[in-house]
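In what follows, a single structure is set out as structure tokens and then discussed.
The values are calculated or read from the model by the stated rules, or taken from the named source; none is laboratory data. Just so we're clear, the structure is a prediction, and the values are computed from it rather than from any experiment. Note that we place each Cβ from the backbone using ideal geometry, even for glycine, and neighbour counts take in every protein chain shown.
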Amino acid sequence: MTSRRGFIKAGGLALFGMSLGGIPGFLADAVAGTNSPGLFKKKKILVCIFQRGAMDGLMAVTPFTDEYLKAARPTLFMSAAKTATGKPLIDLDGRFGLHPSMEAFEPMFREKRMAIVHGIGSPNNTRSHFDAQDFMESGTPFNKGTESGWLNRAVGLLGHETVSPFQGVSLTSSLPRSFYGNNAAVAISNLADFNIQLRGNQTGANMASKSFEDLYDQTSSGLLKNTGKESFDAIKMLQKTDTKNYKPEYSAIYPNTTLGNSLKQIAQLIKMDVGLEVAFAESGGWDTHFNQGKDTGVFARNVGDLSDSMMAFWTDMGKYQDEVTVMTMTEFGRTVAQNGTGGTDHGRASCNFILGNGVSGGLVHGIVNPLAKENLEDGRDLAVTTDFRAVFSEVANKHLGINNNKVLFPDWTGKQIGVMRSV
């Protein structure tokens, strides 16, 4: 059930998909006709993926020469040695090894189109999933009262005269905290068979336009009224296309997972040239308190899905690759030491991945000191040595051309770390 207050707070109207299967037929002509002029001029596009649950960055990108880590993880430590039991880590630079289930990332790293930032996290040391996600998505880690999300503020700072209702799109069932605010943003869980949900009442995708316009006209909230208009315009824009099946280009194969399907639909919107500039997707299941596994198990499946989904999307982008950058994020990392149930508990720093032609790639950025107890935060965690805002702001600055960090991250006055190339 979604209340009116919920929509007002979110600053966006969610468009919910009724079915998980199928390809949105009404996108066909626009997708098939990518060589024809779109509704909007080609713009840079940032795609953000939130790994909810807190990814173990020390297992995704392991400092495999660290003897302290090896001792702290007697059954979870992975080696880059070819003689290792199970699949070895992929040696990136003689110090850090990529999890073998993320082998899809290796070519991009070698081609310097993927950058990794290690030791990244929030300066707020909360280990609450809810609070840490809220702080990361609002971009104000010490201010719970911030009403807007950093991606919504980013949309507002793009400064275009013509604003598309698809300027900010989240492929989720409800608008994420990152998109709360006064600027245009919609949440679409599925482009096929979507419908509108408002005040807890669902109607089908083919609801009469008059009914929706009446509801829009009658609302007394200016914010909700504006949001409703944007969403209605978005629906009309989508429904102008005829029905055909979307086929990914360049032999891209998306995993049939929540993340894979979300990125496939983001690719469709990009190819429609409807003005998408900031997109958001989610990946869940990262809270690995028990039976985490090594080269097999829940963690291996999750990182495999992340890398395979991202690389399918990147392949599918083809001629759009110069315009697109993909960035991952997670609320915090996991403890250096494993626990008694073969897992890891809530920690502090993790790592993230940035994919694009404008990144300073082929490098593991950031600082990861030897994992001796005296170097650990609270004597147990990988220390946060890079504030997430240093990375998020640099990607937004260099890729989207946003140069107002005071608005984007109002409480931050730090320095960027050079994860993007100067142009």
For this session: Being acidic (Asp, Glu), outside any helix (DSSP H, G or I) and within 17 Å of the chain's Cα centre (by Cα) is the filter here, so list the residues in the range 317-357 that pass it.
Result: 331
Seminar exercise, completed: Of the residues in the range 42-70, those that are among the hydroxyl-bearing types (Ser, Thr, Tyr) and surrounded by fewer than 21 Cβ atoms within 10 Å (Cβ to Cβ) come to 65, 68
Seminar exercise, completed: Going through the range 273-301 in order, the residues found to be free of Cβ contacts under 8 Å to residues at least 24 places away in the same chain and at negative phi are 298
Exercise. Limited to the range 375-423, what total is found for residues that are more than 23 Å from residue 332 (Cβ to Cβ) and either surrounded by fewer than 18 Cβ atoms within 10 Å (Cβ to Cβ) or touching a residue at least 60 places away in the same chain (Cβ under 8 Å) (or both)?
Worked result: 14
Seminar exercise, completed: The helices (runs of 4 or more DSSP H) lying entirely within the range 205-316 that contain at least 2 residues which are at pLDDT 60 or above, hydroxyl-bearing (Ser, Thr, Tyr) and within 28 Å of residue 152 (Cα to Cα) are 258-272
Problem set entry | the range 358-409: number of residues that are small (Gly, Ala, Ser), over 30 Å from residue 43 (Cβ atoms) and either part of a helix (DSSP H, G or I) or in contact with a Cys (Cβ under 7 Å, 6 or more places away or on another chain) (or both) | 0
Exercise. Can you name the number of the only condition in (1) modelled with pLDDT of 95 or more; (2) surrounded by fewer than 16 Cβ atoms within 10 Å (Cβ to Cβ) that residue 159 fails?
Worked result: (1)
For this session: Hey, can you tell me all the residues within the range 121-142 that are within 19 Å of residue 390 (Cα to Cα), out of contact with any Phe, Trp or Tyr (no Cβ under 8 Å at 6 or more places or on another chain) and of a type in the set (S, T, N, Q)?
Result: 125
For this session: Taking residue 95 as the residue in question, decide whether it is surrounded by fewer than 16 Cβ atoms within 10 Å (Cβ to Cβ) and at pLDDT 95 or above.
Result: yes
Seminar exercise, completed: Flagged in the range 410-423 as closer than 23 Å to residue 326 by Cβ and either of a type in the set (Ser, Thr, Tyr) or part of a loop (DSSP other than H, G, I, E, B) (or both), in numbering order, are 412, 416, 417, 418, 419, 421, 422, 423
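Matching residues to (1) crowded, with 18+ Cβ neighbours inside 10 Å; (2) more than 14 Å from residue 115 (Cα to Cα):
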{"position": "333", "(1), (2)": "yes, yes"}
{"position": "344", "(1), (2)": "yes, yes"}
{"position": "347", "(1), (2)": "yes, yes"}
{"position": "357", "(1), (2)": "no, no"}
{"position": "368", "(1), (2)": "yes, yes"}
{"position": "373", "(1), (2)": "no, yes"}
Exercise. Does the range 123-146 contain at least one residue that is farther than 22 Å from residue 376 by Cβ, β-branched (Val, Ile, Thr) and at pLDDT below 95?
Worked result: no
For this session: For residue 73, indicate whether it is modelled with pLDDT of 95 or more, surrounded by fewer than 19 Cβ atoms within 10 Å (Cβ to Cβ) and within 24 Å of residue 304 (Cα to Cα).
Result: no
Exercise. Going through the range 98-125 one residue at a time, which ones are surrounded by 14 or more Cβ atoms within 10 Å (Cβ to Cβ) and over 21 Å from the mean Cα position of the chain (by Cα)?
Worked result: 100, 125
